[in-house]
Amino acid sequence: QTPAAPPAQTARANAGGGGFLVQVGSQRSEADALSSFRALQSRMPQYLSGREPNVQRADLGARGTFYRVRVGPPTSREEATQLCANLKAAGADCIVAPN
C-alpha cells in the first residue's frame, strides 16, 4: 500500500478546477486535518471512497491557523449540496464551499 500524498501536494493537485467542494472538517494542523478525513472516509465509504482530500490553510488572525479539509472533485453547487446532505444524514458535519 502506498502512503497518502502530503496534504499540501493533494491541495495543489485539486486546486484550480472551479466548481464547489464539500468541507468536512477543520483542524489546527495539516496532519490532524488529513487524519480526520481518513477517519471520516473509513466511517462513510459509501460517500467518500475514492475521494481525495483537499487541505487548505486558513489564517484566521487572532483565532489562529486552521487547515480545512475539503473533498471533490470540484462539482456543481447542486452536486456538492447533495453530497453534503448525504453526509449530514449519515451524521457528519459539512458545508459547501467554492473551490
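The values are calculated or read from the model by the stated rules, or taken from the named source; none is laboratory data. Predicted, not measured: the structure shown is a model, and the values here were computed from it. No Cβ is skipped: glycine too gets one built from the backbone with ideal geometry, and neighbour counts run over all protein chains shown. Only protein heavy atoms, including side chains, enter the accessible area calculation; ligands, DNA and RNA are left aside. Shrake-Rupley method; radii C 1.70, N 1.55, O 1.52, S 1.80 Å.
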Counting all C-alpha pairs of the stretch 25-99, share separated by more than 19 Å (%): 33 percent
Summed side-chain charge close to Ser26 - residues other than Ser26 whose Cβ falls under 12 Å, Lys, Arg +1, Asp, Glu -1: +2
For Val24, solvent-accessible area (1.4 Å; no DNA, RNA or ligand), Å²: 30 Å²
Whole-percent carbon and sulfur share, accessible surface of the stretch 24-77, 1.4 Å: 45 percent
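If I take R0 = 22 Å and measure r between the Cβ atoms of Ser49 and Ser29 in this structure, what FRET efficiency does the formula 1/(1 + (r/R0)^6) give, to the nearest 0.05?
Values: r = 25 Å, r/R0 = 1.13.
Once the sixth-power term is evaluated, E becomes 0.35.
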